[in-house]
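Computed from the coordinates by the stated procedures, all read-outs in this text should not be read as laboratory data. For clarity, every value in this text was computed on a predicted model and none was experimentally measured. Glycine also receives a Cβ, built like all others from the backbone with ideal geometry; neighbour counts cover every protein chain displayed.
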Amino acid sequence: MHHPEAPYDVDVAVIGGGPAGMSAAVRCRWVKSYRSLPCSVAVFEPGPIGGLAGWRTCSITGPGYRYIGDGLVTRIMTDFERYAIPVLPHRVTMIRKSNAGFSVQTADGPAIRALSVVVATGMRPLSNERHFLGRGLFVTYMGYEYFPKLFDRIRVAGRRGVVVFGNRKSAHLAELAGPLARATDVLWVIDEPLAVELPDLPGRVVRGRLKQVDGKGSTSAGFDAGDRNDPAAPDFERDAAAGVERVQWVDEHGEEHTHDCSAILLDYNAWENQTRRDWDKLGLDDDGHGFITIDPWCSTSVEGVFAAGDVTGRYRSTAMALGDGVNAGLSAVRYTYRRKFGSEPNLFAYRSADRSLSATERDLPSVRDDDWVVPLVPMERIHAVLRARPLPREAWLDGAIDVRRFVEALSGDRSAAVEVIEAWMDGKMIAIHRMPEFE
Ligand SMILES: Cc1cc2nc3c(=O)[nH]c(=O)nc-3n(C[C@H](O)[C@H](O)[C@H](O)COP(=O)(O)OP(=O)(O)OC[C@H]3O[C@@H](n4cnc5c(N)ncnc54)[C@H](O)[C@@H]3O)c2cc1C
């Protein structure tokens, strides 16, 4: 996926592997069932793939249907495997402009050069917290009338201390949390930049964010999703079993801390009102609360950057996130295609074909000698489609190869080389990288 020899590493970098990011990535790689040129794509996700949809109850819901969230993630993962979509387990710390497009930098991993970026970071970065749902980890959700009961449950589970993760909007909880702070030790870890004053809250208040929960977690933990036979039935939280033992959190200077506790509260109510984009060196326009402003095509204020899902601040729903992902993914495909080939791709809606069609129409772009052929799936699969035409060793796709060298490896037979490249394009097995043609 790293192609130092080619003009950039991927066509599209997707930041966040929740339903919005997963849906965008699959769209970029697959585009549509018929003839189309896929984009190379990489997804950055520091937590478990699936984002909040991995929390079981965060499902596609209507009163008459219910796709339980983690089942949905498992389904989408089959597409990730089918199309070999790489997931980089790193938190993105900076996105900035670079000569070909954008440079995406991570906390502890590689920097990637991309022509386009899809931002799908939701309300916040996730770690392993979902493994502790029902095991001492609580969430502000379900409606305000539920909150006093929620605090009762936290008090019972939190005898050895409680840590609340939130932001400036957690001030909403100050009154409710008063009795809790008189009964047990409460630490508030507030994710805000140094310039923002920390809210006045009952207990100790520090600046930072959650890194990891430690204790007896379980990969099958989660909310119980209502009654499986009655999609309209509400979700419920199991009574908290012992699980949480301590948390690791990171302060504003990157220093790690550990704190013993037996309960954690994640203040999603605060994150729904305020989010943070500490990685944004592009200055994306937002609504004043950190949520990115988009147009109907999921375009942001910076050309080449698209946003999808909860990070746009509209209704929080898995179905919205999936739909946005399709929208942002196709917009990124269109954007990169235009920049590389100076023309419109034929997307499935055929918006670009509002003209008389001729007998010589092409769905795939013509390749140039200075293009790069970039493998997207393992070599065996790439070569399997060419069984009738074994390639000389010099033409194997061990990494990116430029078309000129590929033609040479096929004894200078350009039309044979193009035929092979088109068979690979058709199988959605390669991308074509080309330095952008226009600014
Ligand atoms: C308690 C709760 C219950 C819910 N129940 C339902 C429900 O029943 N039905 C429904 O439709 N919706 C429900 N939702 C809403 C639904 O889960 C979200 O709308 C949906 O998951 C949003 O998808 P997303 O991809 O935008 O964000 P997320 O699912 O939050 O995914 C964003 C991903 O981006 C990653 N990320 C963040 N920052 C970075 C970074 N800097 N670098 C790399 N990665 C990063 C995160 O780790 C995360 O995995 C619920 C939400 C909550 C909190």
TODO: Would you mind checking the tilt of helix 318-341 against the longest principal axis of the Cα atoms of the chain, expressed as 0 to 90 degrees and rounded to 10?
DONE: 30
- [ ] Set Lys and Arg Cβ to +1 and Asp and Glu Cβ to -1, take the dipole of the chain about its Cα centre, and tell me which of Ala431, Pro378, Asn167 lies farthest positive.
- [x] Pro378
- [ ] About the Cα centre of region 1-124, how large is the charge dipole given +1 on each Lys and Arg Cβ and -1 on each Asp and Glu Cβ? Please answer in debye to the nearest 20.
- [x] 360
Task: For region 367-431: relative contact order, % (alpha-carbon pairs under 8 angstrom, 6 or more apart) - done: 46
Task: Relative contact order (%) - region 265-320, alpha-carbon pairs under 8 angstrom, separation at least six - done: 24
Open item on the list: Which one, Arg160, Arg339, Arg82, has the greatest fluctuation when you compute a Gaussian network model over the chain with C-alpha springs under 10 angstrom?
Closed with: Arg82
Task: Taking N as its residue count, the alpha carbon Rg of region 371-439 over 2.2 N^0.38 Å - done: 1.07
Task: Relative contact order %, the chain, counting alpha carbon pairs below 8 Å whose residues are six or more apart - done: 20
- [ ] Please sort 8-16, 391-399 by packing, taking for each peptide the average over its residues of neighbouring beta carbons within 10 angstrom, highest first.
- [x] 8-16, 391-399
- [ ] Measure off 7 Å from each Cα along the Cα-to-Cβ vector at Val385 and Asp369, then give the distance between these two points in nanometres to one decimal.
- [x] 2.5
Task: Expected 222 nm ellipticity per residue - DSSP helices of 4 or more, -39500 (n - 2.57), all of the chain, to 500 - done: -7000 deg cm²/dmol
TODO: Compute the Cα gyration tensor for the chain, then decide on rounded, prolate or oblate, letting a ≥ b ≥ c be the square roots of its eigenvalues: rounded whenever a/c is under 1.5, prolate when a/b is larger than b/c in the other cases, and oblate in all that remain.
DONE: prolate
Task: Residues whose placed amide H lies under 5 Å from that of Gly47, excluding near-sequence neighbours - done: Leu126
Task: Ranked Thr78, Thr61, criterion: other C-beta atoms within 10 Å, fewest first - done: Thr78, Thr61
Open item on the list: Let me spell out the model: positive unit charges on the Cβ of Lys and Arg, negative unit charges on the Cβ of Asp and Glu, origin at the Cα centre of region 367-431. What dipole size does that give, in debye rounded to 20?
Closed with: 200
Open item on the list: Quick check: Cα centre of region 166-186 to Cα centre of region 378-436, how many Å?
Closed with: 61
- [ ] Quick one: among Arg316, Arg75, Arg96, which has the greatest mean-square fluctuation in a GNM of the chain with alpha-carbon springs under 10 angstrom?
- [x] Arg75
TODO: Output the peptides 260-267, 367-374 sorted from most to least packed, where packing is the average of other Cβ atoms within 10 Å over each peptide's residues.
DONE: 260-267, 367-374
Open item on the list: If you fit an axis through the alpha-carbon atoms of helix 414-426 and take the longest principal axis of the Cα set of the chain, what angle between them do you get, 0 to 90°, nearest 10?
Closed with: 30
Open item on the list: Please compare each pair in Lys281/Lys428; Lys149/Lys169; Lys32/Lys340; Lys169/Lys216; Lys97/Lys428; Lys211/Lys281 to a cut-off of 26 Å on the Cα-Cα distance and tell me which ones are over it.
Closed with: Lys281/Lys428; Lys169/Lys216; Lys97/Lys428
- [ ] Starting from the amide H of Asp286, placed 1.01 Å from N in the peptide plane, find each other amide H under 5 Å away whose residue is 5 or more places distant or on another chain.
- [x] Thr293
Task: Nearest-ten-degree value, helix 19-30 long axis tilted from longest Cα axis of the chain - done: 10
Task: Per-residue Cβ neighbour rank within 10 angstrom, fewest leading, Glu192, Glu303, Glu255 - done: Glu255, Glu303, Glu192
Task: Net charge dipole size for the chain [Lys, Arg +1 and Asp, Glu -1 on Cβ; Debye, nearest 20] - done: 600
TODO: Using only the alpha carbons, work out the radius of gyration and Dmax of region 1-121 in angstrom.
DONE: 15.0, 53
